[in-house]
Amino acid sequence: MSTRGRPTLYKAENTELARKFCMLGATNEDLARCFEVSRSTIDHWIDTISEFAEAIRQSRDLADAAVIQKLYSRAMGFTKEIKKHVLYRGELREIPMTLYYPPDIQACFFWLRNRRRRDWQEKGKVPQDDGPTISELEAASERVRLGAARAADGADDDE
């Protein structure tokens, strides 16, 4: 059995590297730079090497889920337990504290504009108007010309 074309540059260890890079937010372009191949080679590997494609999909899904959870926390507000260290009468003491982070309005808008576009899109943005088209101008010109002609005919009837 003969193979056609150049031998693949894919190596088994590429799957684990791709998984780790995608957990950090790597795009296909980033992977291509990492493996020193073209973007189309990465696309080909995704199409033909199932374990590579699955590693990328799973790791991107996990990374996206983590970001979504953080955005949701920012939008809703959250608390965080911390320990503050203070010096009291010469003695170092640890004081447990709860910090409250209120909802972040920008995170709320971002979330709603992406999840509920129809209800939360920005209103009041006027679409770009490039002015009337040539056919609209010609039609308006014709209406004016006909109106002037009718007015002139009406004036002639009065005489």
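The values are calculated or read from the model by the stated rules, or taken from the named source; none is laboratory data. Remember, it's a predicted structure, so these values are computed and weren't measured experimentally. Because the Cβ atoms are built from the backbone with ideal geometry, glycine has one as well, and the counts that use them run over all protein chains shown. Quick note on the areas: whole protein, heavy atoms, side chains included, nothing else; ligands and nucleic acids left out. Shrake-Rupley method; radii C 1.70, N 1.55, O 1.52, S 1.80 Å.
Assorted remarks:
- Normalised by residue count, segment 35-99 yields a Cα convex hull volume of 166 Å³ per residue.
- Positive contributions from Lys and Arg (+1) and negative ones from Asp and Glu (-1), summed over other residues with Cβ under 11 Å from the Cβ of Pro96, come out at +1.
- Mean accessible surface per residue for segment 16-94, computed with a 1.4 Å probe while every protein chain stays in place, in Å²: 71 Å²
- Sites matching trypsin sites (Lys or Arg not before Pro) across segment 11-42 that sit in DSSP coil, with at most 11 neighbouring C-beta atoms within 10 Å: Lys11
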